[in-house]
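Engineer: Just dropping this structure here.
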Amino acid sequence: MYDTHTPAEWAGFLSLGVGFWAACAALLYLICDAEPADFDLRPLLLTAWDRLLVEIVRARRTVRDSALAVAALVFLLTAPIGATR
């Protein structure tokens with residue numbers, strides 16, 4: 001019913017995949033002129049950290065603004081009639 005593959009076929013397929021990846025990588029390395037600084041992840045991580053801090057501050061401001069809006073709405077709804085003139 002179902003054909004099974006031998007370990008030799010799996011090894012051949014794996015070798016074909018690695019060879020294709022190596023050929024593409026070699027072409028990429030020939031085309032691009034990379035410096036060692038291009039592989040430094042510290043600027044990327046610092047940028048991600050800065051972005052995370054900005055989003056945290058923005059979320060805190062959103063919570064604060066929402067709390068102020070709810071407080072103002074509660075104040076207006078509980079105020080006596082004519083007290084808002």
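The values are calculated or read from the model by the stated rules, or taken from the named source; none is laboratory data. These figures come from a predicted structure and were not determined experimentally. For neighbour counting, all protein chains shown are included, and Cβ atoms are generated from backbone atoms with ideal geometry for every residue, glycine included. The accessibility values were calculated without ligands, DNA or RNA, using every heavy atom of the protein model including side chains. Shrake-Rupley method; radii C 1.70, N 1.55, O 1.52, S 1.80 Å.
Engineer: Based on Cβ point charges of +1 for Lys and Arg and -1 for Asp and Glu, what charge dipole magnitude is obtained for the stretch 1-73 about its Cα centre, in debye rounded to the nearest 20?
Structural biologist: 700
Engineer: Which residue, Gly19, Ile31, Ile81, has the largest displacement toward the positive end of the dipole of the chain when charges sit on each Cβ (Lys, Arg +1; Asp, Glu -1)?
Structural biologist: Farthest towards the positive pole: Ile81.
Engineer: GNM on the chain, C-alpha springs below 10 Å: top fluctuator among Val54, Val63, Val74?
Structural biologist: Highest fluctuation among the options: Val74.
Engineer: How big, on average over all directions, is the shadow cast by the Cα convex hull of the chain, in nm²? Intermediate results must be reported in sequence, preceding the final value.
Structural biologist: Values: hull surface 65.5 nm².
With every direction weighted equally, the projected area is 16.4 nm².
Engineer: Right, another one. Quick one: pull the percent of accessible area on the stretch 1-70 belonging to carbon and sulfur, 1.4 Å probe, ligands and nucleic acids left out.
Structural biologist: Numbers: 4940 of 6930 Å².
Its accessible area is 71 percent carbon and sulfur atoms.
Engineer: Can you show me the helix-derived [θ] at 222 nm for the chain, built from DSSP H runs with n ≥ 4 at -39,500 (n - 2.57) apiece and divided by the number of residues, rounded to the nearest 500.
Structural biologist: Details: 2 runs with 62 residues, N = 85.
The helix-only estimate for the chain comes to -26500 deg cm²/dmol at 222 nm.
Engineer: Pick from Leu14, Leu44, Leu53 the residue whose mean-square fluctuation is largest in a GNM of the chain, springs joining Cα atoms under 10 Å.
Structural biologist: Sorting by GNM fluctuation, first place goes to Leu14.
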